Amino acid sequence: MAKNVLLVDDSSTMRKIISRSLRQAGLDFGEIYEAADGHEALVLLENETIDIVLSDINMPNMNGIEFLREKKNRPGIQAIPVFMISTETGEDIISEAKSLGTIGALKKPFTPEKVNEVLGPFM
Amino acid sequence: MSSFVEISDKIIESTLEIFTGMVMMEISVEGEPPLKLGTLKKSITGMVGLAGDRKGVIAVHLPEQVALAVTTSFLGMEVEEINADVNDAIGEIANMLGGNLKTILSDQGKDIQLSLPSTISGDYSFSSQADVDQIILSFKAPSGVFYVEVELEN
């Protein structure tokens, strides 16, 4: 069954770009939900059927790391897999994200082929 | 190879990677870049500041018609005027260039923080008030020439 995806990024343009990359990657996905920060993402995760989350790290209000930390404490949604998408590739940030349960990271810039390679196994 | 030449080569590499791989637009390096850009007319600039062990800025300067073509290709939808999507798209390109510059400098043992991306558009000049090393690189896109500029404080 096609997976529902949640895109978390404060830039609506970046969310459009990621949606375009998902389409071009040829992945079988269902609904695409969008959130502008971690707070909005948590509300959507609590209220919609979402199978996988692609999240930016640097966002206002609640950034990607704070989002992971909060999600980890909510039993109903803690098992939903999260990929980080960011230009931030510092080992400290990535290892902190991993310790909070993220299952992978996609560094910008990325090609549709890279999206397929990284996300394909989870879709 | 001096570190500044190395930075220049890696910025060329990352600009080509961003445009061909993510904007989905073929570009090439365009001959000898100018030493100074002067006043930019009907243009848009996306920029990201660097703080920490190296201070400076990385900017991408595009004439409006190039920015529109880049945004159209980047978003996969027609864009006909400078609007929030164009600002966001050009800001995002600056953000990715900044991320790559941070990686390049971090590999040299520098601890760098990046600002959020910002954009300016219209007619303007772009210059640093500090004593900086400057790289200007020109690239040719199907719709025109654009520039990537790096300024790092001495």
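In nm², what is the average projected area of the convex hull enclosing the Cα atoms of the range B:8-52?
Over all viewing directions, the range B:8-52 projects a mean Cα-hull area of 4.9 nm².
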- Loss of accessible area when A meets B, both sides summed, Å² nearest 100, probe 1.4 Å: 1600
- Rg/Rh for the protein assembly as shown: what does it come to with C-alpha atoms and Rh from Kirkwood? 0.98
- Message: Counting other C-beta atoms within 10 Å, and keeping those with at most 14, which DSSP coil GluC sites (Glu not before Pro) do you find in the range B:11-76?
- Response: B:26
- Quarter of the Cα convex hull surface for chain A, i.e. its orientation-mean projected area (nm²): 6.7
- Item | Structure-based [θ]222 nm, chain A - -39500 (n - 2.57) summed over DSSP H runs of at least 4, per residue, nearest 500 | -11500 deg cm²/dmol
- Label-to-label distance, nm, for residues given as residue B:81 and residue B:113 (7 Å Cα→Cβ offset): 3.9
- Message: Just the number please: accessible area per residue for chain A, 1.4 Å probe, all protein chains included, in Å².
- Response: 45
- Task: Could you please tell me the mean projected area of the C-alpha convex hull for the range B:1-132, averaged over all directions and given in square nanometres to one decimal?
- Result: 8.4
- chain B: relative contact order as a whole-number percent, Cα under 8 Å and 6+ apart: 34
- Rounded to 5, the percent of DSSP beta bridges in the protein assembly as shown classed as antiparallel: 70
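Within the protein assembly as shown, what whole-number % of the accessible surface is contributed by carbon and sulfur, with the 1.4 Å probe and all protein chains included in the calculation?
48
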- Task: Would you be so kind as to list the residues of the range A:1-47 that have their accessible area lowered by at least 50 Å² in the full protein complex compared with their chain by itself (1.4 Å probe)?
- Result: A:13, A:16, A:17, A:20
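Mean residue ellipticity at 222 nm from the helices of chain B, using -39,500 (n - 2.57) per DSSP H segment of n ≥ 4 over the full residue count, to the nearest 500 deg cm²/dmol?
-11500 deg cm²/dmol
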- For chain A, what's the relative contact order in percent, using C-alpha pairs closer than 8 Å and at least 6 residues apart? 27
- Query: Quick one: helix B:64-75 against the long Cα principal axis of chain B, what's the angle to the nearest 10°, folded into 0 to 90?
  - Reply: 90
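Arrange the peptides B:67-77, B:137-147 so that the one whose residues have, on average, the most other Cβ atoms within 10 Å appears first.
Peptide ranking by packing, descending: B:67-77, B:137-147.
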- Task: Please state, to two decimals, what the Cα-based radius of gyration of the range B:78-154 comes to when divided by 2.2 N^0.38 Å (N = residues).
- Result: 1.26
- Expected output for the range A:51-93, residues with a loss of 10 Å² or more in accessible area relative to the chain alone at probe 1.4 Å, reads A:58, A:87, A:88, A:89
- Task: Could you provide, to the nearest whole Å², the per residue accessible area of chain B with probe 1.4 Å?
- Result: 45
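The values are calculated or read from the model by the stated rules, or taken from the named source; none is laboratory data. Everything quoted here is computed from the prediction, not taken from an experiment. Cβ: placed from backbone, ideal geometry, glycine included. Neighbour counts: every protein chain shown. For the accessible areas, the whole protein counts, side chains as well, though only heavy atoms, and no ligand, DNA or RNA atoms are used. Shrake-Rupley method; radii C 1.70, N 1.55, O 1.52, S 1.80 Å.
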